[in-house]
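Bear in mind these aren't lab numbers, they're just calculated from the coordinates by the rules spelled out. Note that the structure is predicted; figures quoted are calculated from it, not measured. Here the Cβ is made from the backbone with ideal geometry for all residues, glycine too, and neighbour counts use every protein chain on show.
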Amino acid sequence: MTTETRQPILFLSHGAPPLADDATWTDQLHEWSKRFTRPKNILMISAHWEQAPTTVSGFE
C-alpha cells in the first residue's frame, strides 16, 4: 500500500472553440493547476482521432 495521496480525476471537455478565448474558463484552469501536483500520468481519449485498427500510444 502506498502513502501517496491520489490525484483527483478530472474530465475536461474541449468544449467549443471560443472557450480558448473565454477569460473565465482560462482563469479557472489556471487556478485548478495551482491546486494539484504535477501528474505522473494523463489519459486522453478522443473521438476525433481515427486510426484503423484502434491504437494506443504513449510517451515519456
- How high is the FRET efficiency between A20 and T55 when r is their beta carbon distance and R₀ equals 22 Å, given to the nearest 0.05? 0.20
- Task: Multiply the residue gap between R6 and T37 by 0.36 nm, knock off their C-alpha separation, and tell me the result in nm, one decimal place.
- Result: 10.1 nm
- Item | For the chain, radius of gyration divided by Kirkwood radius, i.e. Rg to Rh on alpha-carbons | 1.04
